[in-house]
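These notes concern the structure reproduced below.
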Amino acid sequence: MTLNRRTFLGTTAAAATTLAAPNVLAQGAGKPRVVVIGGGAGGATAARYIAKDSDGAIDVTLVEPTRTYFTCFFSNLYIGGFKEISDIGHTYGKLAAAGINVLHDWAVDVDRDAKTVTLAGGSTLPYDKLILSPGIDFVDGAVEGWSIEAQNAMPHAYKAGSQSELLRAQLEAMPEGGTFAMVAPPNPYRCPPGPYERVSMVAHFMKENNPTAKIIVADPKPKFSKMSLFQEGWNKHYPGMVDWIGEEFGGGNVSVDPANMTVTIDGEETQVDVCNVIPAQKAGRIAEMAGVTDGNWAPVNPADMSARADADVYVLGDSAEQGDMPKSGFAANSQAKVCANAVRGALTGSKVFPAKYSNTCWSLIATDDGVKVGATYEPTEEKIASVDSFISETGEDSALRKATYEESEGWYTGITTDMFG
Amino acid sequence: MSVGCRSLFFALAAGCLACATSAAAEEGDPEAGKEVFDYCSGCHEVGKGAEHGIGPHLNGLFGRQAATQVGFPYSESFKRAGTGGLEWHAETLDVFLENPTAIASGTRMSFDGLPDPQERLDLIAYLRRFSDNPRDIPEADPTIQGSDHDLDPEILALVGDPEYGEYLSGECVACHQAGGSNDGIPSIVLWPEEDFVVAMHAYKNKQRNHPVMQMVAGRLGDEEIAALAAYFGQLTEQKR
């Protein structure tokens, strides 16, 4: 930081206070407290920005159960063999070093009247502002025959880490000419192009290792994100391999039998070797426990991501119902910065700037064949509304597609640095 | 050149711009352009037997994707522009010749640009002689008109608020690393403020063709671009 008049005065004021009341400052008591639940793209970013920009004036605690966090974005590239699992794992050492209290524990309850969070380990955290960024949970009974107990037989791999490794191992163990099935989710869900990037990555793996294998996708939707780009890519790189069964052909009428490894689509039963079930989704459970959800998601105020139900609770990323933004890591990161600015303003009187949101989602279809979609957003009274957008075009030349993939790798490093320091 | 100095230059130049514009509506004079090419000939060859020198040779320029000639080590900045779809024709050359960094911030070409629209038009007319199939023959697309692309001096003179820039920078650092890495996505830290402002306005005005950047810059106001330039221009190790 360069020393200018403002920071010089600030430093002097703080030093004077220290002399007057050293004990108070030394213990950090009296500082406003922010508790952040969830250490992903929303939570880690919010914690980091509040701590970084408030220069120690706010006490920030980040609650995240896992010590190594695997990003859902780029986890398909691990499944396709373009990344190692270690490439998408991140730890919280730099956030802790930056003064954030990182607690590896589960948040099990929120008392909004007492303004406390209870952890599975038994401790209670008081807060002035609470930020919930818990990602997704699955809707019970969304796919007939599947429940979370079946996730080892039929993995969802929609929370990255061990589930991604399991799905990858199942692909490697598939018999020659075997069948991979995916049950795709209904809207809205985390990462709109995610299931279709995954289909591309599975197809890439099969083309190299098991070229006579087949891929069936049962989809309850009539269309999907970047559809023409993916379908063009599947025809180009993996002709005849992918059978996408949309709503029109009964793709929404699906049941599975994890014990016998069968999938029944519109009455027709198929024996499969690997089945990736991505169920319908809802806000992470702690949002529901905090009582800020309405239906499956938590409605928020578009200007600052505060919950409609409680001005001292903010909901970021996948769990939030905000309007036009997709549920993506990029979106959560963008929302976190607006939220951090608002929280800091409310607690320390720092300047609050108007909200600006943006999103870009890159997807990899095959080696060096990357595509992207993105938009900018601004808050209106009722929702976060899209103001401008773009999407890659079909028929782009290979140099541009390669540059787009390289750009996505640059973005991955950029956003994970922005999240974890 | 400092912002103040440049602004003064523009203030002085503004008086003759009106007359220059009407002259520029006509076709350029290739014979006059041959003399303008003296600015370029220290580094660029054109015509029969032309080879790459300090800069690439300029034969067959019209209709060519930028930075695609074999055997010339283009800057990363130009390669990006070419991959992103920059193609040379009268209109893009006009923007480039007026202010090269508007098109490619990291170009190694050490040339401040030609502020006189007539000189640009003449030079473009001259260079067109060395392309087999220029797109702007009279009966084709009307791309011969010179135009005034450069930024309003008031925009360049704006002093940005780095505190606002720091807040706005959140959108940038989701992709561009504050640490200045150049892999896959170019570095945007420690640029001269004017270069930053020129580049962002070139995206905003769709003279540069990266879709994400056109979208991001498209909704930023002049003050916001100035604020970002001020913030990233002074980003020190500590702040990152």
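What's the center-to-center distance, using Cα atoms, between the stretch A:109-146 and the stretch B:159-173 in Å? With the stretch A:109-146 and the stretch B:159-173 each reduced to a Cα centre, they are spaced 33 Å.
Counts of other chain beta carbons within 10 angstrom of each beta carbon in peptide A:340-352 average 1. Tell me whether the stretch A:154-300 comes out rounded, prolate or oblate; compute the Cα gyration tensor, take square roots of the eigenvalues as a ≥ b ≥ c, and use a/c under 1.5 as the rounded threshold. Prolate, because a/c is 1.5 or more and a/b exceeds b/c. DSSP bridge analysis restricted to chain A gives an antiparallel fraction near 55%, rounded to the nearest 5. Mind checking which lysines have their C-alpha under 20 Å from A:K214, skipping anything on the same chain fewer than 8 residues away? The qualifying lysines are A:K236.
Quick one: order B:V95, B:V70 by neighbouring beta-carbon count within 10 Å, fewest to most.
Fewest-to-most Cβ neighbours within 10 Å comes out as B:V70, B:V95.
Given R0 = 35 Å, the distance between the Cβ atoms of B:E154 and B:D38 translates into a calculated FRET efficiency of 0.60. Helix A:43-54 and the longest principal axis of the Cα set of chain A meet at an angle near 30°. Once the Cα atoms are used to define both axes, helix A:329-348 deviates from the longest principal axis of chain A by about 10 degrees. Going from the residue with the fewest nearby Cβ atoms within 10 Å to the one with the most, B:E166, A:E64, A:E247 rank A:E247, B:E166, A:E64. One Cα centroid belongs to the stretch A:249-323, the other to the stretch B:80-136; the line between them spans 52 Å.
Using alpha carbons only, how many degrees (0 to 90, rounded to 10) separate the axis of helix A:5-20 from the longest principal axis of chain A? Once rounded, the angle reads 60 degrees.
Please tell me which of these pairs span more than 22 angstrom C-alpha to C-alpha: A:K351/B:K204; A:K52/A:K351; A:K221/A:K337; A:K52/A:K94; A:K282/A:K327; A:K356/B:K204?
A:K351/B:K204; A:K221/A:K337
Overall shape of the stretch B:62-103 was characterised from the C-alpha gyration tensor. The equivalent ellipsoid obtained from it has semi-axes of 16, 12, 9 Å, in decreasing order. Straight-line cross-link reach from B:K79 at under 19 Å between alpha-carbon atoms covers these lysines, not counting any fewer than eight positions away in the same chain: A:K402, B:K206. Which of rounded, prolate, oblate describes the protein assembly as shown, given a ≥ b ≥ c as roots of the alpha-carbon gyration tensor eigenvalues and a/c under 1.5 marking rounded, otherwise prolate only if a/b is larger than b/c? Oblate, because a/c is 1.5 or more while a/b does not exceed b/c. Of the residues A:M261, A:M419, the one with the fewest other Cβ atoms within 10 Å heads the list, and the complete ranking is A:M261, A:M419.
Quick note: the coordinates plus some simple rules give every number you see, no bench work behind them. Being a predicted model, the structure only gives us computed values, none of them experimental. Don't worry about glycine lacking a Cβ; one is built from the backbone with ideal geometry, like all the others, and counts go over all protein chains shown.
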